[in-house]
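See structure below.
The values are calculated or read from the model by the stated rules, or taken from the named source; none is laboratory data. Treat the numbers as computed from the prediction; the structure is a model and nothing was measured. Positions of Cβ are generated from backbone atoms using ideal geometry, with glycine treated the same way; all protein chains shown enter the neighbour counts. Only protein heavy atoms, including side chains, enter the accessible area calculation; ligands, DNA and RNA are left aside. Shrake-Rupley method; radii C 1.70, N 1.55, O 1.52, S 1.80 Å.
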There are 2 protein chains.
Amino acid sequence: MTTASKRKTSMADRVYEALKDDIFEFRLLPGDKFSEGDVGTRLDASRTPVREALYRLQREGYVEVLFRSGWRVKPLDFEQIEDLYDLRITLEKAAIHKICELPEEPSAIRTLVAIWNPDHPSERAVGSTVRALDESFHCDLVAAAGNREMARIHREISDRLRIIRRLDFTRNDRVDATYKEHAQILDAIRRGDAQTAADDLARHIRISQKAVKEITMERIREAAQRHRQAENATEGSPDQA
Amino acid sequence: MTTASKRKTSMADRVYEALKDDIFEFRLLPGDKFSEGDVGTRLDASRTPVREALYRLQREGYVEVLFRSGWRVKPLDFEQIEDLYDLRITLEKAAIHKICELPEEPSAIRTLVAIWNPDHPSERAVGSTVRALDESFHCDLVAAAGNREMARIHREISDRLRIIRRLDFTRNDRVDATYKEHAQILDAIRRGDAQTAADDLARHIRISQKAVKEITMERIREAAQRHRQAENATEGSPDQA
DNA sequence: GGTTGAATACTTGTATACTAGTTAAATTGT
DNA sequence: ACAATTTAACTAGTATACAAGTATTCAACC
């Protein structure tokens, strides 16, 4: 049953998700090379859906194809990440201004206020779920502005940044700060003070950006270390000429 | 010589360009259905590169696939176009603010000033080239802000809007206005007056947006008319029961 | 040891064969 | 004449075969 179409999700989708996960979980490290055949064998699929998945990941900036010479996981480009964060801030600030100019407050805002109200600290989730909550806070904020294309692009950027943002809430002080900052932003929005909200939001993102950058670099060093050790372990004894 | 790889451009690229052109030139109308096989036969390519091109066009929002039931040119969604214009304005305004905050004026600005200086009306190009010039004005402006991701997204949006923006400069008054408005924006930027520049730019885009919308709707009606006539011509004599 | 070069194993790009699902026409029963 | 049902043609999804270019290996040579 090689032709395992699960009715709903296509083979190409499954390969896409699997590869994306490999990249996100650092099983495929930035710089790693691999071939379409490898992936196909590993995930029990033919090259056709593998290619489709790879081209999709290429367009999203995760991998690149070397003409007739295999594929490579794109190295993390910190300058690019800076740019993505910058763009994220631009979009979210614009969204805030739009929301404040709306004739009436979107219902989504009230929902967010309920979630991020610091008066209900008992409902605070732990690290792993806070990450998802934080991402959806920013996504929902942009969505509330009512521009679907802006929301789409913002989601694309969030996807691209998730690989490093997920390392944020590993410390409790970041969780606490996030709750306070989100509540602050929402409060300014409800007062209609777009300028203050936008400034608070920009500061909020910059802080998380800085925290995450340090952790990421450390993690990559660790992963590379493990990688090298695993390689050495498979070799009988390294040549030393 | 079915396997006509021209060394530099792949078959998939050629198919992609050809299809995009078909859509832009209204040879494929919004709503038209077609199959991978059709395209392959018409462009003398196998289904594999055709599929790659189609999936690319799908991701860019020009076509959609109906499960095991063919492809369709996505109908023009005017709400989406409004959103794209809106997003374009957001990005370009942000770019202007960034440029004005830069320590020194980017050289690209001086280049633009030279091109769009109304004191040199002799160099004004005619309609078709002005369209390309206008697009590159806005792209260069964003690029000058120095955020490559922002420039990339802006280019993507410009691509998406080109199909209708190309109908702008069909009247001389729009050409004249464009020159004046661009010069005005650049002037404000050079004075460091980001607010004025941003406002002028937003107005400039809105004007062109409105002009283009009317022309587009008319053109689509015309194309649909021609389409119907061609269909009727091929039929011997329509059944009338 | 160091360099060159041909053979070879891999790689992606493309074509084609086959499968599963959809659609619309043809056929049949009433 | 019409509705329901069968069937045949057509569709994209997938697997595989082949072509064309790339990287690597390894032996021959200096």
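Here are some notes:
- Accessible surface for residue B:98 stands near 40 Å², nearest 10, in the context of the full protein assembly shown (1.4 Å probe).
- Backbone geometry of segment B:174-185 corresponds, through the Karplus equation with coefficients 6.51, -1.76 and 1.60 at θ = phi - 60°, to 3J(HN,Hα) couplings of 5, 4, 4, 4, 4, 4, 5, 5, 4, 4, 4, 5 Hz, x marking Gly and Pro.
- Taken about its Cα centre, the protein assembly as shown carries a charge dipole of about 1140 debye when Lys and Arg each add +1 at the Cβ and Asp and Glu each add -1 at the Cβ.
- Estimated at 0.36 nm per residue, the fully extended path between residue A:9 and residue A:195 surpasses their Cα-Cα distance by 62.5 nm.
- Chain B - percent of accessible surface contributed by carbon and sulfur, probe 1.4 Å: 49 percent
- For segment B:50-77, residues shielded by at least 50 square angstrom of accessible area compared with the chain on its own, probe 1.4 Å: B:52, B:59
- At 7 Å out from Cα toward Cβ: residue A:44 inter-copy label distances (nm, ascending): 4.3
- Label geometry 7 Å along the beta-carbon vector: residue B:79 inter-copy distances in nm: 4.1
- Using alpha-carbon coordinates, inclination of helix B:47-59 to the longest axis of chain B, degrees: 40 degrees
- Among the listed pairs B:20/B:74; A:98/B:98; A:20/A:180; A:93/A:180; A:74/B:98, those beyond 22 Å (Cα-Cα): A:20/A:180; A:74/B:98
- Efficiency of FRET between residue B:43 and residue B:102 - r from beta-carbon atoms, R0 56 angstrom, step 0.05: 0.75
- Among A:139, B:109, A:186 the positive-end extreme of the charge dipole of the protein assembly as shown (Cβ point charges): A:139
- Inter-site label distance for residue A:219 and residue B:27 at 7 Å from Cα along Cβ, in nm: 4.9 nm
- Treating r as the C-beta distance of residue A:18 and residue B:17 and R0 as 35 Å, the FRET efficiency rounds to 0.65.
- Every helix of 4 or more DSSP H residues in chain A counts as -39500 (n - 2.57), and over all residues that averages to -23000 deg cm²/dmol at 222 nm.
- Shortest-first nm distances, residue B:102 label point to equivalent points in other copies (7 Å, Cα→Cβ): 3.5
- Exercise: per-residue mean of other protein chain Cβ atoms within 10 Å, B:91-98: 2
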